[in-house]
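The values are calculated or read from the model by the stated rules, or taken from the named source; none is laboratory data. Keep in mind that this is a model prediction, so the values were computed, not measured. All Cβ positions, even for glycine, are placed from backbone atoms using ideal geometry, and neighbour counts span all protein chains on display. With ligands, DNA and RNA removed, areas are computed over all heavy atoms of the protein, side chains included. Shrake-Rupley method; radii C 1.70, N 1.55, O 1.52, S 1.80 Å.
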Amino acid sequence: MTEQPNFRVTMEAAIAEYREAERIEDQTLQREKRMAALQRFRQAAEDATSPTQSLDEAINAYEAAPDNEKAVGDLIREIKAIPTPPASLPEAKTISAMPHSKLPKAILGATGHGGAILPEGEVCILAGEGGIAKSGLTLRIARDFASPQLAPFEKENQQPEGLDAPERGLLCNDLFRTETGGGPVLMLTYEDTPEVMAWKLREGKKYAKEGDTTLSRIHVMDMASWPLYGPGERQGGAGLYNATPEKLRGWEAMEAAFERIKPRLVVIDPALSAFTGDSNAAGPVRAFLSDLVRFARDQNQKPGFLVVAHATKAARGGRDNNKEDPFEPGLVGGSGHWTDGVRCAMTLTWKPKNWEGKIGKDRILAVVKANWGPQRIWCDLNPETATGGTIIGLYRHPGSSWQKQPEETEKESGADTRAKTGSGKPRPKTKAERIAARDAGKDIL
């Protein structure tokens, strides 16, 4: 394999040249442009690696029929699937030789806290069981982030601690702040139709001020049957579930949308429709998340990806929840690498019964992981409903704010914080005690 770093540039130029040719009405000139694109495709393949048999076949098929859409699509997929060779081997550098830089800005940060829950160029997982209104929460985040009328911080408890005014960013809503000034939002939906999402978004903005252009900054793509990542034809056919995953046609559609929209925030709902590989296998899950992060970091605007995931069966306590720990990373269904492979993760759960007496209604949003921001904080949420009781968003319960995990807060005051079971018995404090209690037949739920 040669070490040429420019083949991706060559390949993108070839794709652009082919698309330009499609717009030319003169058939002779169109064919000339397509043949010129073919030469760029060949150059891209030669710069990247020694041609494989499948790549050779795709090039020959395109050369024989440059106006055949299937031949073009096959060739583009073959070249895009070639691994990017490094420009050079990695080298160790001293810290003193590196330029001074700050942590990435917060696409989304917790109101009243510094740092980032979703930093620039990163992926954040939002997990919860079906029907708890994960999509409603993402819609509220989207319409508030896209608003051109983001407000400065007004109340003292909203201001991030330890930050000067210029670094506080703007207030998105009662839950989140942003240091990037908001911007366009791209929503890749695999369940709700764009028409349903448009209705929900309009309902949520029906009291918007005159001249508000928020909805013109939210872009929805109907991605049903268009996964981003999974087993593909290069690895023996899309029907082979265990084949090595790769970028699929849905990824191409997303790239095209990025060229036009240049979003700052991207919502993928849900993950297991965008990713069609083995969700319990570490390698494929890591590959998908790594490619999302790499793609985000390569964009000039460094967007953040908010990926909606489902909870595990064991975590689905429902409204009678009396055992669920909302800070447990294992709440995300599938491989643990759905959490390990990202820099931030949140869970949306029904409030555990052993949290009785806390302010709020029946849902809580918990920050499970935030490598560059506050962790193990939670907030009460109430549903925002429209006609017929349809949930169109979630908002912070009046009087509540982001706060520490109840157990941690009580430990600081010296109180015994072990949760009570439904029968009022104290839960054993350690793993050893839990095992002993189980062996003795005690109720430890």
Residue, nearest to the chain's Cα centre (by Cα), within segment 331-388, restricted to residues that are among the β-branched types (V, I, T) and at pLDDT below 85
V332
Tell me, yes or no, whether segment 112-126 has at least one residue that is modelled with pLDDT of 75 or more, open to solvent by 30 Å² or more (accessible area, probe 1.4 Å), of a type in the set (D, E, K, R) and not in a strand (DSSP E or B).
yes
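Quick check, is D222 acidic (D, E) and at pLDDT 90 or above?
Details: acidic (D, E): yes; at pLDDT 90 or above: yes.
Yes, satisfied.
I'm checking my understanding of the structure. Among residues of segment 295-315 that are out of contact with any strand residue (DSSP E or B) (no Cβ under 9 Å at 6 or more places or on another chain) and farther than 26 Å from A146 by Cβ, which one is modelled with the highest pLDDT? Even if it seems obvious, please write down each step before you answer.
Pass one, segment 295-315, residues out of contact with any strand residue (DSSP E or B) (no Cβ under 9 Å at 6 or more places or on another chain): 297-301, 313-314.
Within this subset, residues satisfying the condition of being farther than 26 Å from A146 by Cβ are 313-314.
Values: K313: 58, A314: 55.
My answer is K313.
Quick one: is D26 over 24 Å from A256 (Cβ atoms), open to solvent by 80 Å² or more (accessible area, probe 1.4 Å) and either charged (D, E, K, R) or modelled with pLDDT under 75 (or both)?
yes
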Tell me the residue from K70, K93, K33 that is modelled with pLDDT of 75 or more, of a type outside the set (F, W, Y), open to solvent by 50 Å² or more (accessible area, probe 1.4 Å) and under 22 Å from R249 (Cβ atoms), please.
K70
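Based on what the data block shows, is G283 assigned to a helix (DSSP H, G or I) and at pLDDT below 90?
Numbers: assigned to a helix (DSSP H, G or I): yes; at pLDDT below 90: yes.
In short, yes.
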Inter-residue pairs, beta-carbon under 8 Å, first more than 20 Å from G336 (Cβ to Cβ) and touching a residue at least 60 places away in the same chain (Cβ under 8 Å) and in segment 114-136, second outside any loop (DSSP other than H, G, I, E, B) and of a type in the set (K, R), 6+ apart:
G121/R297; I132/R363; A133/R363; G136/K200
Being at pLDDT 85 or above and either open to solvent by less than 10 Å² (accessible area, probe 1.4 Å) or at negative phi (or both), is that true of even one residue in segment 147-160?
yes
Considering segment 179-205, residues that are part of a loop (DSSP other than H, G, I, E, B) and acidic (D, E), and then whichever is surrounded by the fewest Cβ atoms within 10 Å (Cβ to Cβ), we arrive at E191
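Give me the residue from segment 377-393 that is without any contact (Cβ under 8 Å) to a residue 40 or more places away in the chain and assigned to a strand (DSSP E or B) and, out of that set, surrounded by the fewest Cβ atoms within 10 Å (Cβ to Cβ). Write out each step before concluding.
Going residue by residue through segment 377-393, those that are without any contact (Cβ under 8 Å) to a residue 40 or more places away in the chain are 380, 382, 385, 388-389.
So of that shortlist, the ones also assigned to a strand (DSSP E or B) come out as 380, 382, 385.
Working: D380: 24, N382: 16, T385: 14.
For segment 377-393, the residue satisfying everything is T385.
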